[in-house]
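This report refers to the structure that appears directly beneath it.
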Amino acid sequence: MNDVRFGRINYNAARQTFEARVDVMRGGRTFRYPCEVAGPLNMDEGIVRNALAAQAQAMSDTPRSLHSHH
């Protein structure tokens, strides 16, 4: 598993989601992903962190050919 670091985790009450910038370190490089997970404000922090990390890992593992280019 890649090393994962979190920016500040915020709760968006209007959307009922936890939002964070999640950095995935892989191969000496850092990849940053905006992530969110739906849940109540009192959701266990460990569950929130695991869900955010899993989302970032999934985005990080997406083949390059599927990334959009601008």
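Can you classify region 1-45 as rounded, prolate or oblate using the Cα gyration tensor, where a ≥ b ≥ c are the square roots of its eigenvalues, rounded means a/c under 1.5, and otherwise it's prolate if a/b beats b/c and oblate if not? Before the final figure, lay out the partial values.
Numbers: a/c = 3.48, a/b = 2.47, b/c = 1.41.
Because a/c hits 1.5 or more and a/b exceeds b/c, region 1-45 counts as prolate.
Evaluate the relative contact order of the chain (contact order divided by residue number), counting alpha-carbon pairs under 8 angstrom at least 6 apart; express in whole percent. Before the final figure, lay out the partial values.
Working: 97 pairs, mean separation 18.1, N = 70.
Dividing the mean separation by the residue count of the chain yields 26 percent.
Round to the nearest 10 and give me the degree value, 0 to 90, for the angle of helix 45-60's Cα axis relative to the longest principal axis of the chain.
So the helix axis and the longest Cα principal axis differ by about 30 degrees.
Using a cut-off of 15 Å between beta-carbons, work out the net charge of the residues near P40 (Lys and Arg +1, Asp and Glu -1, P40 not included).
On the way: positive: R15; negative: E19, E36, D44, E45.
Cβ neighbours under 15 Å give a net charge of -3.
Run lengths n ≥ 4 of DSSP H only: what is the helix-derived mean residue ellipticity at 222 nm for the chain, with -39500 (n - 2.57) per run over all residues, to the nearest 500? Please report the intermediate quantities before stating the final value.
On the way: 1 runs with 16 residues, N = 70.
Rounded to the nearest 500, the figure is -7500 deg cm²/dmol.
Rule-based calculations on the coordinates, nothing more; no lab input. Predicted model, so just to flag it, every value in this text is computed and none were measured. Quick reminder, even Gly has a Cβ in these numbers, built from the backbone with ideal geometry, and neighbours come from all protein chains shown.
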